[in-house]
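Sharing a structure here in structure tokens format.
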Amino acid sequence: MPGKNSLARKLIPVADRLRDLRVRFGLRPYLVRIIRTKWTHDERGDGAEFVLHEFPILPTPRVSDLTSLSEVVNPVGLDEVGSILLTEVSGRITEDQLRGLDTDGSPVPEDEQVYYEIEFPRPDNLPGERRRFFIRSAPNYLPDQFQWQVRLEQSHEGRSRMGEPR
């Protein structure tokens, strides 16, 4: 594999330690996770949904501009729509992980779902609002910046503040 042992690959842990300083300083007051859920019947949306796995993206990547999300009125209430960009996603994470694929590259089974979740915990340490996103385009790796960029699109209603699927 080209670049596998390159200096750029070897510097990824250094870049991650520098990015983690922003988290420690409180400049990234949110959590970003990849969530994998399963449905009790044979396909997505059929039966009850439950969480199989939560994969926190560490160090916490930069979320670009939540103001690009807008609220739209629908017959049931308000929905947020729009897209955001995650940057400074660690180069240690693989494209397959970012896309929610299995370690062998196989696609998500018909009875499972993978999505991104961004949560802003409240200052009183109670859980905050959880927003659900799906990956909008292929992740973009920038080797000279030791990072991935991932474009996300707002999805349906996120999990409850306690982490239960709705």
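The values are calculated or read from the model by the stated rules, or taken from the named source; none is laboratory data. A quick note: this is a predicted structure, and the numbers were derived from the prediction, not measured. Reconstructed Cβ throughout: ideal geometry from the backbone, glycine too, with neighbour counts over all protein chains shown.
Which condition does S83 not pass, out of (1) surrounded by fewer than 12 Cβ atoms within 10 Å (Cβ to Cβ); (2) at pLDDT 85 or above, if it passes all the others?
The one condition S83 does not meet is (1).
Let me ask another. Kindly check whether there is at least one residue in segment 92-112 that is assigned to a strand (DSSP E or B), β-branched (V, I, T) and either without any contact (Cβ under 8 Å) to a residue 40 or more places away in the chain or farther than 17 Å from P61 by Cβ (or both).
No, segment 92-112 contains no residue that is assigned to a strand (DSSP E or B), β-branched (V, I, T) and either without any contact (Cβ under 8 Å) to a residue 40 or more places away in the chain or farther than 17 Å from P61 by Cβ (or both).
Mind checking which residues of segment 136-160 are within 16 Å of the chain's Cα centre (by Cα), closer than 20 Å to H53 by Cα and surrounded by fewer than 19 Cβ atoms within 10 Å (Cβ to Cβ)?
Listed by number, the residues that qualify are S155, H156, E157.
Give me a count of the residues in segment 16-35 that are over 12 Å from L58 (Cα atoms) and in contact with a Phe, Trp or Tyr (Cβ under 8 Å, 6 or more places away or on another chain).
Within segment 16-35, residues that are over 12 Å from L58 (Cα atoms) and in contact with a Phe, Trp or Tyr (Cβ under 8 Å, 6 or more places away or on another chain) number 2.
Only residues in segment 9-26 that are over 17 Å from Y141 (Cα atoms) count as the first member; pair them with residues that are among the polar types (S, T, N, Q) and outside any helix (DSSP H, G or I), Cβ under 7 angstrom, at least 6 apart or cross-chain, and list the lot.
V23/T60
Mind checking which residues of segment 113-128 are under 17 Å from R62 (Cα atoms) and not hydroxyl-bearing (S, T, Y)?
E117, I118, E119, F120, P121
Further question on the same structure: Taking T67 as meeting all but one of (1) surrounded by 13 or more Cβ atoms within 10 Å (Cβ to Cβ); (2) over 21 Å from N125 (Cβ atoms); (3) of a type outside the set (F, W, Y); (4) under 18 Å from the mean Cα position of the chain (by Cα), write down the number of the exception.
(1)
Still on this model: Across segment 141-158, what is the total count of residues that are more than 20 Å from S68 (Cα to Cα), assigned to a strand (DSSP E or B) and among the polar types (S, T, N, Q)?
1
Pairs, please: C-beta under 9 Å, at least 6 apart or cross-chain, first residue farther than 15 Å from G26 by Cβ and in segment 118-135, second at pLDDT below 85 and of a type in the set (A, V, I, L, M)?
Listed by first residue and then by second, the contacts come to I118/L66; P127/M162; R131/L66; R131/L69.
Report, by residue number, each residue of segment 84-127 that is under 19 Å from V51 (Cβ atoms) and among the small types (G, A, S).
Of everything in segment 84-127, just one residue is under 19 Å from V51 (Cβ atoms) and among the small types (G, A, S), namely G100.
Being surrounded by 13 or more Cβ atoms within 10 Å (Cβ to Cβ), more than 12 Å from the chain's Cα centre (by Cα) and of a type outside the set (D, E, K, R) is true for just one of P123, P127, P107. Which residue is that?
When all the criteria are applied, what remains is P127.
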